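To keep things clear, I will list the structure first and then write my remarks on it.
The values are calculated or read from the model by the stated rules, or taken from the named source; none is laboratory data. Fair warning: this is a prediction, and the values are worked out from it, not measured in the lab. Here the Cβ positions follow ideal geometry from the backbone for every residue, glycine too, while neighbour counts run over all protein chains shown.
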Amino acid sequence: MNYEFDFGVVFAQWPLVLEGIVVTLRLAFFSTIFGFLLGTLCAVGRTGGPKWLQIVIGVYVEVIRNTPLIIQAYFIIFGLSSVGVRWPIEVGATFALVVNIGAYTTEIMRAGIESIKRTQIEAAECLGLGRLKIYLSIVVRQAMERVYPALTGQYVLLMLVTSVFSAVGVEELFGIANRIQSETYRNFEVFVLLGIAYLALSMLVRLAFFLLNLALFPRRRRLGTTL
Amino acid sequence: MNSQQALFLLQGLEGTVILSLLTFLFGGVVSFVVALARISPFAGVRIAVATLIYVLQGIPLLVIMGLCYFGPSLLGVQTVSPLFAATLSMTIYSAAFLGDIWRGCLEAVPKQQWEAAETLGLSRWQRMWKVILPQAARMAIPPTVGFMVQIIKNSSIASLVIGYADLSYMAKILNNSTFRPFVFFGAAAALYFIISYPLSAGSRYMERRLNVGNR
C-alpha cells in the first residue's frame, strides 16, 4: 500500500462541515418533534378511534414501513414540485422525514398504549379525569415511558438517515462531504472523517435523549425500573 | 408508462432482489459469527465486537458504502464492481443489526437450559448445537424475516454512492427523462411494497404462532 493519506485538505474545509452538521441536526430535530406528534396522534387513533380511522392509519403505517425512505423522499419532493408546490428543499425534506418517522412512531407508541392496563383508565375515570386528561397523563405518558428505549433507537436512526437527503440536494453533512470529496479527490479520507462525525452526532443524540428521559420521567428515575 | 419503461423498472427490481439475497446470505453468516462472539467466554472478544457494533450502528449506511467503495483501491485493488461494494457494505451493516438481534435470541434461552446441558455432561459445542441453537433459532425466525424487509429497503440507497443499478435508481432515471414522479416513484414504491409486505405480514404471523407458550 503506497497511498499517502492527506487529512489536512479535508480539515481545511471545516466551516463548510460545520454548516452541514447544523443542517443535519436541524433536519433531525424538527422531524423528531413533528414525527413524534404525528405518530402519537396516529397511535391514539389506531387504538381508540373509529373503525374507518383505524383502517386509514393502518394502511399509512404499512405503506410507509414497507417502502424505502428514498422512494418516499423522491415521491414527495419531486411529486410536490411537479404539481407546483415550491417549498425550500429543507422544508420538503423535513416533511418527507416526518411522514416516514410518523409511521414508525405509530407502531412503537401503539405497542406502548396497548400495554397500558385497562384498570389504569378505569381508575382515572373514577378519579373524574376528563377524556383528554386521561389520554395525555395516563395513557400516552405511561406508554411513552415504557417504549422510550425503542423511541430513542428509532430517532438515532432517523438522524443517520437524514444523509439520504443529499440525493435530493439538501446541503446536510453528507451532501457537504460529497462536495468536498469532488473538490479534493480525497474520497477515503472524507468518508473516514464523515464516519467519525456521524458517530459523534449519534452519541450526542443519545445523550440528549438520556437527559430528556431524566427530565420527563422522574418517577422512573426514583424507582430505577421500567414499571 | 409504456412497456419498455415497465421492463426497465423490472430490471431494477432484479438488481434489488439480487443485492438483497446476497446481503441476506453473507449477512446471515457474519451475523451468526457476531452473535456467537457477543456471548463468547473471552471478555476481550466480547468487548471488541461490542465496540465495533456500537460504531457501525452509529454511522449511516451511506458512509459504510463510501468506505467499501473507495477503500479497496487503497489496498491495490484497481476496480471494485458496484455489486461487490454494495454487497460488502450491506453485509457489514446488516451484521451489526442482525447480529445484535440474534445475540438477544441466544441470551433469551433460559439459563437453566445451559445448566441442564452442562449437568448432562455435554461439551461446549454439543451444548450450543444441540440445546441452545435450536431453541434460539425458533425465537429468531420472526425478527429475522422482519429484518429482511430492512435489507430490501436499505438496498435502495446503494445507487447513491456506489451507483448500483437497483429499482430506486431506475425509477430516478425514468423520472429524470419523463418528469412524471408520481407514476414512476409510485410504481417503484408498489414493487417494493409487493416484495416487502408479505415478509412483514409473515413475520407478524409467525411471531403470534411461535409465541403460543408465552400466552
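Here are the numbers for the structure shown:
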item	result
Positions within segment A:145-156 being buried (at least 19 other Cβ atoms within 10 Å of the Cβ) and either without any contact (Cβ under 8 Å) to a residue 60 or more places away in the chain or not in a helix (DSSP H, G or I) (or both), in sequence order	A:VAL147, A:GLN154, A:VAL156
Residue within segment B:64-71 that is among the hydroxyl-bearing types (Ser, Thr, Tyr), within 13 Å of another protein chain (Cβ to nearest Cβ) and closer than 19 Å to B:PHE147 by Cα present	no
Residue among A:LEU16, A:LEU53, A:LEU69 that alone is in contact with a Lys or Arg (Cβ under 9 Å, 6 or more places away or on another chain) and buried (at least 20 other Cβ atoms within 10 Å of the Cβ)	A:LEU69
Selection within segment A:54-93 - in contact with a Gly (Cβ under 9 Å, 6 or more places away or on another chain) and of a type in the set (S, T, N, Q)	A:GLN54, A:SER81
Any chance B:ILE47 is among the aliphatic types (A, V, I, L, M), in contact (Cβ under 8 Å) with a residue 24 or more places away in the chain and in a helix (DSSP H, G or I)	no
From the options A:ILE138, A:ILE176, residue that is touching a residue at least 40 places away in the same chain (Cβ under 8 Å) and either more than 10 Å from chain B (Cβ to nearest Cβ) or hydrophobic (A, V, I, L, M, F, W, C) (or both)	A:ILE176
Failed item in (1) within 14 Å of another protein chain (Cβ to nearest Cβ); (2) in contact with a Cys (Cβ under 6 Å, 6 or more places away or on another chain), with B:MET139 passing the rest	(1)
Residues located in segment B:81-135, provided they are free of Cβ contacts under 8 Å to residues at least 12 places away in the same chain, part of a loop (DSSP other than H, G, I, E, B) and among the β-branched types (Val, Ile, Thr)	none
Which numbered condition B:MET148 fails, given (1) at negative phi; (2) modelled with pLDDT under 90	(2)
Filter result for the condition that a residue is more than 22 Å from the chain's Cα centre (by Cα) and either surrounded by 14 or more Cβ atoms within 10 Å (Cβ to Cβ) or among the polar types (S, T, N, Q) (or both), over B:SER89, B:SER94, B:SER73	B:SER73
Subset of segment B:179-209 (residues that are more than 8 Å from chain A (Cβ to nearest Cβ) and touching a residue at least 12 places away in the same chain (Cβ under 8 Å))	B:VAL183, B:PHE184, B:ALA187, B:LEU191, B:ILE195, B:LEU199, B:GLY202, B:SER203, B:ARG204, B:MET206, B:GLU207
Tally, over segment B:123-164, of residues that are more than 14 Å from the chain's Cα centre (by Cα) and surrounded by fewer than 17 Cβ atoms within 10 Å (Cβ to Cβ)	11
So B:SER168, is it farther than 17 Å from A:ALA73 by Cβ, within 8 Å of chain A (Cβ to nearest Cβ) and buried (at least 17 other Cβ atoms within 10 Å of the Cβ)	no
Subset of segment B:68-80 [outside any loop (DSSP other than H, G, I, E, B) and either among the small types (Gly, Ala, Ser) or more than 14 Å from B:TYR164 (Cβ to Cβ) (or both)]	B:PHE70, B:GLY71, B:PRO72, B:SER73, B:LEU74
Verdict on A:PRO68 being under 17 Å from the mean Cα position of the chain (by Cα) and either at negative phi or within 13 Å of another protein chain (Cβ to nearest Cβ) (or both)	yes
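Per-residue answers, yes or no, for (1) touching a Ser or Thr at 6+ places or on another chain (Cβ under 8 Å); (2) surrounded by fewer than 18 Cβ atoms within 10 Å (Cβ to Cβ):
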{"position": "A:GLU171", "(1), (2)": "no, no"}
{"position": "A:GLY175", "(1), (2)": "yes, no"}
{"position": "A:ARG186", "(1), (2)": "no, no"}
{"position": "A:VAL190", "(1), (2)": "yes, no"}
{"position": "A:LEU193", "(1), (2)": "no, no"}
{"position": "A:LEU199", "(1), (2)": "no, no"}
{"position": "A:MET203", "(1), (2)": "no, yes"}
